[in-house]
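What follows draws every value from the coordinates through simple rules; no lab data is involved. As the structure is a computational prediction, the values presented were derived from the model and not from experiment. Glycine gets a Cβ as well: all are built from the backbone with ideal geometry, and neighbour counts include every protein chain shown.
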Amino acid sequence: MGNAAKKLMTATEYLEFERNSFEKHEFYNGEMYAMAGAKERHNLIVSNLIISIGTEFKNKPCVVYPSDMRVVIDEYRHYTYPDVTLVCGERKFLDNKNDCLLNPNVIVEVLSESTEKYDRGKKFEAYRNIASLKEYMLVSSEDKKIELFTKNNEGKWFLSENGVEDTIIIPTIDLTLALSDVYDKVEFEQ
């Protein structure tokens, strides 16, 4: 017996399903993918990032979103849930539900064993198609290490890593993050 053909969804069908679901799913080219839950270390890092960045955003026209904010990479093909999303200035959404962001400036992904290859590869490749995106930050959950990819005016991406002072500078939002803040209360296996 042959394999049955897989029915692909439209973006409209995905959004209708997703907006009524208790679980999160990413969407790519007509297929929906369930998202796995995160471990404590991952959650602590995300919380620390939101606290550190959110504190710096007080009295600035910038917002920080946790992983429940859906980001639209291509209106008809690709929807994701980054760990942390930052926007300065006007926020643009797909529709009046305000749950599908179109113009992130900085996206942060906290790496885990199960997602690292995707976050560094196909996901970053897709994110590079977002015109408003200026920086993509990868934060290790295995080690105190942050990698920041910054897009220059010609559209080329450059890598910088946490420096000797154990800080990383995010130029787009004029922010210096201390690794001690990002990894506060995070315990690593010896």
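For every residue, the table says whether it meets (1) of a type in the set (Phe, Trp, Tyr); (2) within 23 Å of residue 61 (Cβ to Cβ); (3) crowded, with 20+ Cβ neighbours inside 10 Å; (4) free of Cβ contacts under 8 Å to residues at least 12 places away in the same chain.
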{"site": "132", "(1), (2), (3), (4)": "no, yes, no, no"}
{"site": "138", "(1), (2), (3), (4)": "no, no, yes, no"}
{"site": "144", "(1), (2), (3), (4)": "no, no, no, no"}
{"site": "156", "(1), (2), (3), (4)": "no, no, no, yes"}
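When the residues of segment 38-55 are narrowed to those that are loosely packed, with under 14 Cβ neighbours inside 10 Å and of a type in the set (D, E, K, R), which ends up farthest from residue 180 (Cα to Cα)?
Once the filter is applied, the top-ranked residue is 39.
Look through segment 4-42, keep the residues that are without any contact (Cβ under 8 Å) to a residue 24 or more places away in the chain and part of a strand (DSSP E or B), and return whichever of them is nearest to residue 67 (Cα to Cα).
The selected residue is 25.
From 117, 97, 58, grab the single residue that is loosely packed, with under 15 Cβ neighbours inside 10 Å and within 21 Å of residue 148 (Cβ to Cβ).
117
Take segment 119-140 and flag every residue that is hydroxyl-bearing (Ser, Thr, Tyr) and more than 12 Å from the chain's Cα centre (by Cα).
Result: 132, 140.
Scanning segment 23-37 for residues that are surrounded by 13 or more Cβ atoms within 10 Å (Cβ to Cβ) and acidic (Asp, Glu), which turns out nearest to the chain's Cα centre (by Cα)?
That would be 26.
Restricting attention to segment 43-74, and to residues there that are charged (D, E, K, R) and in a loop (DSSP other than H, G, I, E, B), which single residue is nearest to residue 109 (Cα to Cα)?
68
Restricting the first residue to segment 59-84 and requiring it to be under 23 Å from residue 8 (Cα atoms) and touching a residue at least 12 places away in the same chain (Cβ under 8 Å), which pairs with a second residue that is of a type in the set (Phe, Trp, Tyr) and in a loop (DSSP other than H, G, I, E, B) meet a Cβ separation below 8 Å and a spacing of at least six or different chains?
70/81; 71/81
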